[in-house]
Amino acid sequence: MKFINYKTNQNIKKDIEPLYVSSFPEEERPPVEMFFSFALKEDNDIYAVYDNDSFIGFTNLLFHKDLCYIFFLAVSPSYRNKGYGSQIIQEVFKKYPDKTFVLCFEEVDDKYSDNQLRKRRRDFYYRNGFKENILKTCEYGVRYDTVYHGSHQVSFEDYLSLFIHCYGQMAKQYIKKAN
């Protein structure tokens, strides 16, 4: 697998953008132009992932202090359930061995009609070495569970600090600690 950083090759946008838009609901993702413009900042990387010349998917990583937040991870529909998502995660772990990783996914609870899908996502992360984190958030009105991989759990203060570092003070308006 080959990882290409958007900072070094902005032509990968043509592969990433359709998958980004189709994989994540509008209320759970920054607008497309914002997503790509912020990726040019030092502590924000978007990687397109290729197997030979075939576009497999992408990941978006945010960095602050010892944390790496896996903001987005998507695999193209024709390559799903073939182990590529796990390979991407494992490569990210290898690339940044001194980081504690954190990510969030929609809250798992039987009250949601898509709870089986939410459980599958959670279980995917557990199979890839993530552990349950005590933090639950509410972002743009959507409730999320968090998981971590590395040396420590991630507090709400550290989580919010990462987003403020990468996206500015506006993050305080949209990211809240869930009760």
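The values are calculated or read from the model by the stated rules, or taken from the named source; none is laboratory data. Predicted model only: the values in this text are computed from it and were never measured. Virtual Cβ from ideal backbone geometry, glycine too; neighbours counted across all protein chains shown.
Is it the case, given these coordinates, that Pro25 is closer than 23 Å to Tyr159 by Cβ, exposed (fewer than 12 other Cβ atoms within 10 Å of the Cβ) and not polar (S, T, N, Q)? Yes. Answer with yes or no whether His165 is under 20 Å from Phe35 (Cα atoms) and surrounded by 13 or more Cβ atoms within 10 Å (Cβ to Cβ). Yes: the conditions hold for His165. Scanning the stretch 135-179 for residues that are hydrophobic (A, V, I, L, M, F, W, C) and either under 25 Å from Ile88 (Cα atoms) or in a helix (DSSP H, G or I) (or both) returns Leu135, Val147, Val154, Phe156, Leu160, Leu162, Phe163, Ile164, Cys166, Ala171.
Quick one: how many residues across the stretch 29-48 are charged (D, E, K, R) and in a strand (DSSP E or B)? Lay out the reasoning, then the answer.
Looking only at the stretch 29-48, we keep the residues that are charged (D, E, K, R), and these are 29, 33, 41-43, 45.
Remaining after also requiring in a strand (DSSP E or B): 45.
Residues flagged as charged (D, E, K, R) and in a strand (DSSP E or B) within the stretch 29-48 amount to 1.
Taking the conditions exactly as written (among the hydrophobic types (A, V, I, L, M, F, W, C), assigned to a strand (DSSP E or B) and either farther than 26 Å from Tyr167 by Cα or in contact with an Asp or Glu (Cβ under 7 Å, 6 or more places away or on another chain) (or both)), does Phe63 satisfy them or not? Judged against the criteria, Phe63 is a match. Residues of the stretch 110-134 that are part of a loop (DSSP other than H, G, I, E, B) and among the acidic types (Asp, Glu): Asp110, Asp114. Of the candidates Phe124, Phe101, the single residue that is under 15 Å from the mean Cα position of the chain (by Cα) and closer than 19 Å to Lys65 by Cβ is Phe101. Consider the stretch 74-107 and keep the residues that are under 22 Å from Phe163 (Cβ atoms) and in a loop (DSSP other than H, G, I, E, B). The one that is modelled with the lowest pLDDT is Glu107. Would you call Phe71 assigned to a strand (DSSP E or B) and either touching a His at 6+ places or on another chain (Cβ under 7 Å) or at pLDDT below 95 (or both)? Taking the combined requirement at face value, the residue does not satisfy it. For the stretch 26-60, taking the residues that are acidic (Asp, Glu) and closer than 19 Å to Leu160 by Cβ, the one that is modelled with the lowest pLDDT is identified as Glu28. Here the stretch 139-176 is the region considered, the condition is being in contact with a Phe, Trp or Tyr (Cβ under 8 Å, 6 or more places away or on another chain) and among the acidic types (Asp, Glu), and the residue that is modelled with the highest pLDDT is Asp145.
Checking the structure you have, find out if any residue of the stretch 86-100 is in contact (Cβ under 8 Å) with a residue 60 or more places away in the chain, crowded, with 21+ Cβ neighbours inside 10 Å and either within 18 Å of Gly150 (Cβ to Cβ) or among the hydroxyl-bearing types (Ser, Thr, Tyr) (or both). Yes, because at least one residue in the stretch 86-100 is in contact (Cβ under 8 Å) with a residue 60 or more places away in the chain, crowded, with 21+ Cβ neighbours inside 10 Å and either within 18 Å of Gly150 (Cβ to Cβ) or among the hydroxyl-bearing types (Ser, Thr, Tyr) (or both).
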